[in-house]
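The values are calculated or read from the model by the stated rules, or taken from the named source; none is laboratory data. A quick note: this is a predicted structure, and the numbers were derived from the prediction, not measured. Glycine gets a Cβ as well: all are built from the backbone with ideal geometry, and neighbour counts include every protein chain shown. All accessible areas refer to the heavy atoms of the entire protein, side chains included, with ligands and DNA or RNA removed. Shrake-Rupley method; radii C 1.70, N 1.55, O 1.52, S 1.80 Å.
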Amino acid sequence: EKLGLSIEAVDAICGPFLGRPRSGAFRLNDIVGLDIMQDIATNLQTRCSDDPHMDTLNTPRSMATLMERGHIGSKSSAGYYRREGKEFLVLDLGTLVYRQPYDITIPSLKEHSKKPLGERIRCALESKDEAGEFLRNHLIPTLKYADFLKEEIAHSIQDFDRVMKWGFAWEMGPFELIDAIGPTALGMSDQPFYSGTSQRNFGGESVQLAPEPQYSTISEFPILESNTGFNVRDLGDGVKAVSLTTKMGTITPKVVEGISQFLDNPKNDCIVLTSEAKNYSVGFDLSFFEQAISEENWQAIDDALLALQNLTLRLGSVKSVAAVFGYCLGAGMELAMGCTKVCSHSEANIGLPEAKVGLIPGGAGTALLAQRTQSAGAKRIVEVCMAISTGFVSTNAEDAKRAGILRETDVTCFHPDRLIQTAKSLALRAIPSEPPVWLQPLGPIAGMIDSAQEDLKLKGELTSHDELIADNVKYVFTKASSFESALLQERVAFLTLCKTGLTLARIRHMLENGKPLKN
């Protein structure tokens, strides 16, 4: 309000660019609830009356107006944002009426977003655009307040940082951020809070950080070998990590080939499959399929699918655990499914969304889910079939279990910094999988799937192309006579869909816009 910025601009600044969740600031207020936010602020003002900064918790004009109207956030369908069908309107802070959101372009965000967190914030602080002005007024006082408050509320610098990372999903805690930005850029003492394996205590002396291997991240383990698209790291006790290094954990033919060759060595019989990206994996490289389809190189697609299927199944022949987080999608999910167990961060988004780009899972995902649900009953078979046909993606690990994408035996890890060590301990106890046993499903499954499709069609949720995709999934679930024939039919269906113009249009739209096309 003071700077005359829009809600969209502030949320663009206060999201991932600042190392915070995508909800930004105003959207997060809506999710928490404006009434709850005001209660928190009022409580703090009452109980911390000696704090010289309590005036920052006075209720803003916009929030007071919204609450008078009963617009207290997501639970009332209106707050700083208001849902209209599938779209969000946004509150104009000048007029206090809702309007269509603006497309926001802030030069420093666009220019520096690819840089490491500390560097991009330092660059933004020096800029003269909206981001620089906002961060100078918001971030610098926030970090200085953390420094002012630290001794009163925390046992150590590290504890303070962990609260903000573990509790509020900040990428870096305030003191890590001060060091990363550079304290001189913030007008603070240039003595670092962290140095190597030590931290500064409240008296200013350097003290050693206690070793905590249970919180080790993948980057802390030594690299045994580097390959195209993945590193092999030593997790200790004979366990090796196969850690993806591609952008967003993308799976490529070279990655599949490299991991397959790695598994050729009988010494590599206890592994954790994970990623060094911000996400475990967003799936197979769509540009590969776009190029192959454009060139009508159907053999290249079939070869890539066969190699992916073989790798998925080979992973189960060794002691293997997939440590997944962030997005676990498509081919990345199929490889995880092939492992003896999946160890998933509780808030991972998990699914097989190939239908969104006009395809079905072709790396053994469709066949494995068909096989795993055969003895679960007709209702469950239909649910899983439709989850694949609609490109379902869960919002958390337990949701993925309920949808039948994860097995009940897969493990949910609620502490993100314990993910690698939890996966390692599971790998040490893992038992290689037995070859899948195929049981022909009993009952009128095909008819039940047709009925489920018809319901979605009547609701306007399935186009004719969606129906074609669903029919191909149904065929694998109901007509395959063995696991091997399910794998073959999965590839045949994938190639058939590749040869349709509507699938190519979906793939190109996703590559160009990052959003699915409903055609």
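Per the conditions (1) at positive phi; (2) of a type outside the set (A, V, I, L, M, F, W, C); (3) at pLDDT below 95, the sole criterion not satisfied by Gly249 is (3). Any residue at all in the range 210-222 that's farther than 22 Å from Ala348 by Cα and buried (at least 16 other Cβ atoms within 10 Å of the Cβ)? Yes, the range 210-222 contains a residue that is farther than 22 Å from Ala348 by Cα and buried (at least 16 other Cβ atoms within 10 Å of the Cβ).
Here the condition is being in contact with a Gly (Cβ under 6 Å, 6 or more places away or on another chain), without any contact (Cβ under 8 Å) to a residue 24 or more places away in the chain and open to solvent by 30 Å² or more (accessible area, probe 1.4 Å); of Arg22, Arg47, it holds for Arg22 alone. The set of residues in the range 387-421 that are open to solvent by less than 40 Å² (accessible area, probe 1.4 Å), closer than 21 Å to Leu244 by Cα and part of a helix (DSSP H, G or I) comprises Ala397, Leu419, Ile420. Residues of the range 181-211 being over 22 Å from Gly19 (Cβ atoms) and of a type in the set (Asp, Glu), which ones? Glu205, the sole residue that qualifies. At least 1 residues being among the aromatic types (Phe, Trp, Tyr) and in contact (Cβ under 8 Å) with a residue 12 or more places away in the chain is the threshold, and among the strands (runs of 3 or more DSSP E) wholly inside the range 186-294 those reaching it are 230-236.
Residue count for the range 150-169, restricted to those that are open to solvent by less than 50 Å² (accessible area, probe 1.4 Å) and touching a residue at least 40 places away in the same chain (Cβ under 8 Å): 4. Determine if the range 88-107 includes at least one residue that is within 31 Å of the chain's Cα centre (by Cα), under 25 Å from Leu177 (Cα atoms) and open to solvent by less than 40 Å² (accessible area, probe 1.4 Å). The answer is yes; a qualifying residue exists. In the range 451-467, the residues that are over 19 Å from Pro353 (Cβ atoms) reach residues that are open to solvent by 20 Å² or more (accessible area, probe 1.4 Å) with C-beta atoms within less than 8 angstrom, at least six apart or across chains, in these pairs: Lys457/Glu467. Residue selection: Ser344 fails the criterion of being modelled with pLDDT of 95 or more and either out of contact with any strand residue (DSSP E or B) (no Cβ under 7 Å at 6 or more places or on another chain) or part of a loop (DSSP other than H, G, I, E, B) (or both). Within the range 476-519, the set of residues being touching a residue at least 12 places away in the same chain (Cβ under 8 Å) and outside any helix (DSSP H, G or I) comprises Ala480, Ser481, Ser482, Lys499, Thr500, Pro516, Leu517, Lys518, Asn519. Screening Ala146, Ala154, Ala131 for residues that are at pLDDT 95 or above and over 21 Å from Asp51 (Cβ atoms) leaves exactly one candidate, Ala131. Applying the criterion of at least 2 residues that are under 19 Å from Ser108 (Cα atoms) to the helices (runs of 4 or more DSSP H) found wholly in the range 1-52 leaves 7-13. Condition check for Gly283 on (1) at positive phi; (2) open to solvent by 20 Å² or more (accessible area, probe 1.4 Å); (3) touching a helix residue (DSSP H, G or I) at 6+ places or on another chain (Cβ under 6 Å): one failure, at (2). The single residue among Gly377, Gly338, Gly330 that is closer than 29 Å to Gly443 by Cβ and under 21 Å from the mean Cα position of the chain (by Cα) turns out to be Gly338. No other residue among Ala336, Ala367, Ala376 is over 28 Å from Lys515 (Cβ atoms), in contact with a Leu (Cβ under 8 Å, 6 or more places away or on another chain) and in contact (Cβ under 8 Å) with a residue 12 or more places away in the chain apart from Ala367. Take Ala505 and tell me if it is under 28 Å from Gly377 (Cα atoms) and under 31 Å from the mean Cα position of the chain (by Cα). So Ala505 fails the test.
Evaluation of Glu171 against the conditions (1) closer than 30 Å to Ile259 by Cβ; (2) in a strand (DSSP E or B) shows that the sole unmet condition is (2). Among all positions in the range 293-300, there is no residue which is touching a strand residue (DSSP E or B) at 6+ places or on another chain (Cβ under 9 Å) and of a type outside the set (Asp, Glu).
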